[in-house]
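The next block holds one structure in the form of structure tokens; read it before the comments.
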Amino acid sequence: MENKTLYDVIIIGSGPSGLTAGIYASRGNRKTLILAGRKWGGQLMLTTEVENFPGFPEPIMGPELMKRMRDQAVRYGAEILDVNFTGANYTSKPFEVSTDDDKKYYSKSIIVSTGADTKWLQIPGEQEKIGRGVSSCAPCDAAFYRNKRVVVIGGGDSAMEEALVLTKFAQEVYVIHRREEFKASDVMQKKVFENEKIKVIWNTEPLEVLGEMKVEALRLKSKIKDQNAKIKVKVQNDEKDLSVEELGGSIVSNENNEIVWEFPADGIFVAIGHIPNSQIFEGIEKDEKGFIKQYPGSKTNIEGVFVSGDVHDSTYMQGVTAAGYGCQAAIDAEKYLEMGE
Ligand code: NDP
């Protein structure tokens, strides 16, 4: 089925970036359609309190913040459809855009704001236990782990944030990182190191998620300095060398300064970064990690197609930066539309 309406801008995605682009485009009196996706709102829908979005001196819940952005876009006239984008023909103008309810829409310009999704470890046992002990969202799932032992994998700000959220429920939280220092910001590291419920296990990589129907343990590989099989651990700012037994695990093998061991755990939170949602945009140039390439401003390699937010930004990935990029893309689209008039 075709909707013959000609839009000035179709925005694909409804995180802070897409909705901000929608607010700017519709407030600029441009006929605007936002294809929000069947799970609208993006990563902030998976968070609890947002403390660093300007304008909210008291924390605001992520889903509430997104609802306000959506309401603001609608208030200025943006149409929003909770359907998934399935493809577009970029070779002729207006662009023809398809959705997963077999409809087609037409637009003079497109803004791609599809964000990024969780990067998984891709180890045996992981994918089939998502929702059965494996998670990527502590704010969503932490309450299931009251008084339990949980593991967070990663060394960036996401891993720190996940670990801190988990301490509100779990009894023991272990952050397992493949190196001996975190990549996370100092302020987040400090909070983690000071928390009495968190132990950091360094130089350790997960090999397999173990368990019958749900997560029961994790098979790990740790680099050790000598044959005494001690693993470097940080507990409340104190660096220690602990044996596998002291950590509550059991050794599987000990060879070439590497121990393979099993560590009982009830939950595993994977926080090792994100993958941009760019696969569906055939013909739009991306870098080697899949982030959409930006040309001056928010232009892509296709004239009339703009990009904003985490789908192009591998560095900042904040709600407020995504919103800023959405504003930039809407202004760039506006200039492009003016040129055609
Ligand atoms: P990052 O890319 O910053 O960190 C990923 C971490 O996971 C790194 O420590 C990396 O290890 C580790 N890692 C990557 N792949 C693997 C793997 N296969 N196995 C084991 N470990 C792996 O991602 P984040 O999601 O943490 O953060 C993304 C961006 O979002 C950052 O800019 C961050 O600052 C921001 N952010 C900010 C927050 C805040 O300010 N409140 C909250 C959350 C995110 P290594 O260090 O060895 O490379």
*Unique residue being surrounded by 18 or more Cβ atoms within 10 Å (Cβ to Cβ) and out of contact with any Ser or Thr (no Cβ under 7 Å at 6 or more places or on another chain) when the list is 270, 233*: 233
*Working carefully through the options 322, 265, find the one that is within 16 Å of the ligand (Cβ to nearest atom), in contact with an Asp or Glu (Cβ under 9 Å, 6 or more places away or on another chain) and not assigned by TED's automatic domain parsing to the domain that holds residue 114.*
265
_strands (runs of 3 or more DSSP E) wholly inside the stretch 1-97 containing at least 2 residues that are closer than 18 Å to residue 326 by Cα_ = 2-12, 32-35, 79-81
_Looking at 289, 223, can you tell me which residue is within 16 Å of the ligand (Cβ to nearest atom), closer than 21 Å to residue 158 by Cβ and open to solvent by 50 Å² or more (accessible area, probe 1.4 Å)?_
289
*Please determine, by comparing only the residues of the stretch 95-133 that are within 16 Å of the chain's Cα centre (by Cα) and surrounded by 23 or more Cβ atoms within 10 Å (Cβ to Cβ), which one is modelled with the lowest pLDDT.*
116
_Could you go through the stretch 303-313 and let me know if any residue there is free of Cβ contacts under 8 Å to residues at least 12 places away in the same chain and in contact with a strand residue (DSSP E or B) (Cβ under 7 Å, 6 or more places away or on another chain)._
no
*If you check residue 19 against the conditions, is it modelled with pLDDT of 95 or more and within 30 Å of residue 188 (Cα to Cα)?*
yes
*residue 143 passes all but one of (1) in the same structural domain as residue 10 (by TED's automatic domain parsing); (2) out of contact with any strand residue (DSSP E or B) (no Cβ under 8 Å at 6 or more places or on another chain); which number fails?*
(1)
_Looking only at residues that are within 11 Å of the ligand (Cβ to nearest atom) and part of a helix (DSSP H, G or I) in the stretch 166-188, which one is surrounded by the most Cβ atoms within 10 Å (Cβ to Cβ)?_
188
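The values are calculated or read from the model by the stated rules, or taken from the named source; none is laboratory data. None of these values were measured; they are calculated from a predicted model. Positions of Cβ are generated from backbone atoms using ideal geometry, with glycine treated the same way; all protein chains shown enter the neighbour counts. SASA here: full protein model, heavy atoms, side chains in, ligands and nucleic acids out. Shrake-Rupley method; radii C 1.70, N 1.55, O 1.52, S 1.80 Å.
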